[in-house]
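The values are calculated or read from the model by the stated rules, or taken from the named source; none is laboratory data. This one's a predicted model, so the numbers in the text were calculated from it and none came from an experiment. Note that we place each Cβ from the backbone using ideal geometry, even for glycine, and neighbour counts take in every protein chain shown. Note: accessible area is taken over every heavy atom of the protein model, side chains too, but ligands, DNA and RNA are not part of it. Shrake-Rupley method; radii C 1.70, N 1.55, O 1.52, S 1.80 Å.
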Amino acid sequence: MSDVGALNQLVEDSEAISRLCLSVIDPPYDVRDRDEFMEFSDKALPDVLPWRKEGHAGVYLDGRMHDVRANFFGVETSRVPANIYLHDVKIYRVVKTAETEFESAKEDLALKDDIASNACLLNALINEQNLRKSGQIGLAYDGRSALYSSEQILFDGGVEMEEEGAMQGVSNSRAARKEIYVMHPITRNQCSVTLTAALEIPVPKTTVEYSPGAIQALDTSLLSFARWKTADPNAEWILAGSKAFRKDGKQFNFSPTLLGMMGYKASLKACQAGLAMVMDVSVSVFLKGGNLLELAAASLNMRDVQDLVNVSVKHFNERERPMSMSSASSNGREEKNYGLPNELMTKLSDAFKGTKIRLLHLNHFKKINGFGPAAGSRSSVFTSDEGDTNIADYYLRMCRLNNGVNKYASCLGRDGLKYPTLPTLQVGSKKRPIYIPMELVAVLPGQSRNRSVTGNITSQIIKVAAMLPNDRMKYLRNDAADSLLGSIAVDNDAILLGIGNGKISSEPMQVEAQILIPAKLQYGNTVITPMLKGTWNLAERVRFFQPAPKASLSSAGYPYALVVVYRGRRPDNVQQQMGEFQRRLESDSTIVGIPLQCISPQYDLVEANLHELQNYFAYCKGGGARCTVVVLNIDVYSDVKLAADRVGMVTQCCKMNNVMKSPRGYHTNLLMKMNCKMGGVNQV
């Protein structure tokens, strides 16, 4: 009861509640839990005069010779075969024709399909021929059209090569070309996989004489151990080009749908010190795996799937009303009902188009080629064996076959789809579309998303990839079984091709080097010697070596314009910050030798419209402005440059965030760019 009384007292005393809430949200300094920050606050910053401290990569600027470590790891080549054989891989989709039973399509899938599918298809041919049974042939596949082997491969029951360029000494029983038919793991189409005659690549005894072909063959074998298993859901490694990441390695949660992973980037190069593996730390972005509905809700910034369904039901019901002006297109035909507003459908398409998925009811693998109409809408009606039906009714009928004992009912139950108002996935072709409900789909993990990351995620990647030199080298030198060096060492293919079994050193190459004293910079009134502090600060009253030429000898300064570009609501609350920015820019411009004079009493405001921007730049040019400083309140950089180029106006863009809170030396940095654009020389 005492607790109830205390609660009643708090409810009556609003000021007490405010004090308690404030003590939780913003507690006094002396009672805050600062344990997690102590390890940083107790450490003094290193002295900035030496370039690096003792024990780190690099030394003092003392002019002496020192041993410098590099991320080059030597490769011992005594076990590399005298010859490596290159086989051409071709993969075609097999189609039925009227003249013959089967015929291969003209497009080579090996050149355009994903690496996982190609490796899966080629593995079927290798297993059919038992090429790995003896364990004496090393195979390295680049994921496309090149298969390298440590020995010459002849196939049983293959096609003998009789045309020009065929290998000599091939009998009818042992052929140099093999073709088999395999089902594609994603499209489920029948495919023809062909391995043709080998091209012999001689490997010189000295790495100085290595040909590009020999280096390419050995470079392919570096990550081939992971490339063969890309289609295996239990694979330990994920590949993204020449980068390799362990599934159980260091990970970072970048967003509800995107995951960052730390791994390795590796390649082989021939240098004066011999053959070396160049390796570095890499951080890449991957799509999280799991239930598509949960990932879709997260990508749209919704709390859960139910929020997504609520939005979908509302939009679906509005669209499913009898055809009205709002649901009809310009030609009078009814628009498709996708179950979600267009802006949400665009976000889903950007996030998941091209994603590899698994169909839960069929256990098939597909790729999302687009989105289709909602399963329960009129737009999804198609003609089946039992007449016209929509997708939702089709799945309801399938779930009730055999009294509800089937693969459809095992995933959905006897009542069919739970969310018929959500959009479907298009996993077929344009000519033969196949629509799958979202609730029957799981996203495969480990799919690279580096091409679609935002600026915010890019900054996160830079932060987590930044490591001290010693920590980076320790990560690269790790030769445990779960590291890149350890995995290459135990890979049988790499061993047979001569670079496995410890042939790649875990110690980085060291060379004697001297750190050169940096060049001095000659400005108009002084000489500056950089101190390698990592920053440039010209706030020492320096003048540019050669200021930009003036429009006329009588000109007192350099006319310029200052404008804020916006979209939507006018930014009328930045007068004070813009005034301070203009004052400091003009003050610093006088110091460096290009005194700026604004052609207007204050900054201008222009809507982010291509036509408006072009008219404004034409006005500036007519007013004699040599350059226009454009403050971007929204990211329309490309539009600004296009409009300025059309009228011949020099522009210098900057972000509103930097104007509101300018870093040290920011105004001088802008002036350096402006001087160069107007024809001046900053320093020599």
For R570 and D604 in one chain, what is 0.36 nm times their gap in residues minus the Cα-Cα distance, to one decimal in nm? 11.1 nm
Would you mind checking which residues have amide H under 5 Å from R400's amide H? H placed 1.01 Å from N; only 5 or more apart, or other chain. none
Looking at the square roots a ≥ b ≥ c of the eigenvalues of the Cα gyration tensor of region 534-684, which shape do they give, rounded for a/c under 1.5, prolate if a/b is larger than b/c, or oblate? oblate
Out of residues 5 or more away from K250 or on other chains, whose amide H comes under 5 Å of its own, with H placed 1.01 Å from N in the peptide plane? M262
Taking Cα centroids, how far is region 195-232 from region 64-96 in Å? 5 Å
Find the relative contact order for region 551-636 and round it to a whole percent, using C-alpha pairs within less than 8 Å whose residues are 6+ positions apart. 52 percent
Region 462-611, relative contact order in percent, only Cα pairs under 8 angstrom and at least six apart counted: 17 percent
Per-residue HN-Hα couplings for region 144-152, Karplus 6.51 cos²θ - 1.76 cosθ + 1.60 at θ = phi - 60°, whole Hz, x for Gly and Pro? 10, 10, 10, 10, 9, 9, 7, 9, 5
Efficiency by 1/(1 + (r/R0)^6): what FRET value for A70 and R664, r their Cβ-Cβ distance, R0 = 30 Å, to the nearest 0.05? 0.35
Can you bin region 188-244 into rounded, prolate or oblate? Criterion: square roots of the alpha carbon gyration tensor eigenvalues sorted a ≥ b ≥ c, rounded for a/c under 1.5, prolate for a/b above b/c, oblate for the rest. oblate
Give me the lysines in straight-line cross-link reach of K430: C-alpha distance below 18 Å, same-chain residues under 8 apart excluded. K112, K336, K353, K356, K366, K367
Sequence neighbours fewer than 8 away in the same chain don't count; with that in mind, list the lysines whose C-alpha is under 29 Å from K673. K463, K520, K533, K550, K621, K641, K655, K661
Which of A214, A240, T194 sits closest to the plus end of the dipole of region 184-278, meaning its Cα is farthest towards the positive end, when Lys and Arg get +1 and Asp and Glu get -1 on the C-beta? A240
Cα-based Lys proximity count in region 201-308, under 30 Å, for pairs eight or more positions apart or on separate chains: 19
Region 608-627 and region 555-598: distance between their alpha carbon centers, rounded to Å: 16 Å
Using a 1.4 Å probe, how large is the accessible area of M65, given in Å² and rounded to the nearest 10? 100 Å²
Non-local residues with an amide H under 5 Å from the amide H of V89, with H modelled 1.01 Å from N and Pro and chain starts lacking one, are A146, L147
Net charge of Cβ neighbours under 13 Å - reference T454; Lys, Arg +1; Asp, Glu -1: +1
In terms of solvent-accessible area of protein heavy atoms at a 1.4 angstrom probe, what is the ranking of D232, D491, highest value first? D232, D491
When ranked by the protection proxy of mean other Cβ atoms within 10 Å per residue, highest first, what sequence do the peptides 214-224, 566-576 form? 214-224, 566-576
Of S78, S554, which has the most accessible area with a 1.4 Å probe, and how do the rest follow in descending order? S554, S78
With all protein chains present, calculate the accessible area of K655 using a 1.4 Å probe and round the result to the nearest 10 Å². 130 Å²
With r as the distance between the Cβ atoms of C676 and R541 and R0 = 30 Å, compute the FRET efficiency 1/(1 + (r/R0)^6) and round to 0.05. 0.90
For region 236-250, in order, what is each residue's ³J(HN,Hα) by Karplus, 6.51 cos²θ - 1.76 cosθ + 1.60 with θ = phi - 60°, in whole Hz (x at glycine and Pro)? 7, 10, 10, 10, 9, x, 8, 10, 10, 9, 7, 4, 9, x, 6
I need the shape label for region 183-303. Rule: rounded when a/c is under 1.5, else prolate if a/b > b/c, else oblate, with a, b, c from the alpha carbon gyration tensor. oblate
Computed over region 204-306, protein heavy atoms only, probe 1.4 angstrom, the accessible area per residue in square angstrom equals 44 Å²
Residue order for V281, V490 - accessible surface, 1.4 angstrom probe, largest first: V490, V281
Provide the solvent-accessible area of E343, counting protein heavy atoms only and rolling a 1.4 Å probe, rounded to the nearest 10 Å². 120 Å²
Estimated dipole of region 444-488 in Debye, rounded to 20 [Cβ of Lys and Arg +1, of Asp and Glu -1, Cα centre]: 200 debye
Inter-probe distance in nm under a simple model that places probes 7 Å from Cα toward Cβ, at S452 and R472: 3.1 nm
What's the center-to-center distance, using Cα atoms, between region 493-508 and region 329-395 in Å? 50 Å
